[in-house]
1. Return a yes/no flag: does the stretch 153-165 have any residue that is away from the ligand (no atom under 16 Å from the Cβ), farther than 26 Å from Cys50 by Cβ, in contact (Cβ under 8 Å) with a residue 40 or more places away in the chain and not aliphatic (A, V, I, L, M).
2. So Ile182 passes all but one of these: (1) outside any loop (DSSP other than H, G, I, E, B); (2) in contact with a Lys or Arg (Cβ under 9 Å, 6 or more places away or on another chain). Which condition number does it fail?
3. Take the residues in the stretch 45-65 that are hydrophobic (A, V, I, L, M, F, W, C) and either closer than 20 Å to Ala130 by Cα or at pLDDT 95 or above (or both), then tell me which one is farthest from the ligand (Cβ to nearest atom).
4. Taking into account only those residues within the stretch 66-88 that are within 11 Å of the ligand (Cβ to nearest atom) and crowded, with 17+ Cβ neighbours inside 10 Å, which is farthest from Ser151 (Cα to Cα)?
5. Given the conditions (1) within 23 Å of Ser179 (Cβ to Cβ); (2) surrounded by 17 or more Cβ atoms within 10 Å (Cβ to Cβ), and given that Ser165 satisfies all but one, which numbered condition is not satisfied?
6. Of these, Lys92, Lys78, Lys110, which one is under 24 Å from Glu135 (Cα atoms), within 11 Å of the chain's Cα centre (by Cα) and among the basic types (Lys, Arg)?
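The values are calculated or read from the model by the stated rules, or taken from the named source; none is laboratory data. Everything quoted here is computed from the prediction, not taken from an experiment. Positions of Cβ are backbone-derived with ideal geometry, glycine not excepted, and every protein chain shown enters the neighbour counts.
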Amino acid sequence: MNMGDLGVAHFFCTRLHTLIIHGLGSRLVALPTFRSPFMSEPLLIPCPHCNGLNRIPAERLGDHPKCGRCKAEVLLNKPFELTQGDYASQIKGDLPLLVDVWADWCGPCKSFAPVFEQAAGQLAGKCRLAKLDSEANQQLSAQLGIRSIPSLILFKNGREVARQSGAFPLPQLMSWLRSQGI
Ligand SMILES: [Zn+2]
């Protein structure tokens, strides 16, 4: 190695060092200035189709965001089917999940179904709605302590926060959800 090489190496080291220091410095100073008051932390939302966890900015919730893994729409305006296998993934995330536990033989469940669908249409982007067939998912129904159906269970951040039994009309459902901060 001759002195010329050393000189070049030294130049690059110094240059890189300067760039890093300046880069960090300007970033630290500039962040609060560039940060728009409308920008927020992205929300973590599980995909109802593949269980992939997506990061979606709050201001983009109304833009039909697509799943990074399966490319299907993450936010639906209708209830999706929840199963034992999806449960652990689907209760996670920053949007609440409302689960309607039902069965095919249950008359009140069937009469409540259109109400639940209407609610899903009104709550798109605020709350995710899912239906759990208690017959097809008996183990999970037992784990959730379901004694009567229809039962509604509201999950936030991976844990149950409220529960209601019985079918009720849409205005009552919406006011119950409002009382839960939705
Ligand atoms: Zn997906």
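1. First, pick out the residues of the stretch 153-165 that are away from the ligand (no atom under 16 Å from the Cβ): 153-165.
Narrowing further to those that are farther than 26 Å from Cys50 by Cβ: 162-165.
Adding the requirement that they be in contact (Cβ under 8 Å) with a residue 40 or more places away in the chain leaves none.
There is no residue in the stretch 153-165 that is away from the ligand (no atom under 16 Å from the Cβ), farther than 26 Å from Cys50 by Cβ, in contact (Cβ under 8 Å) with a residue 40 or more places away in the chain and not aliphatic (A, V, I, L, M).
2. Result: Ile182 fails condition (1) only.
3. Selected residue: Leu61.
4. Cys67
5. (2)
6. Details: Lys78 fails: within 11 Å of the chain's Cα centre (by Cα); Lys110 fails: within 11 Å of the chain's Cα centre (by Cα).
None of the other options fit; the residue is Lys92.
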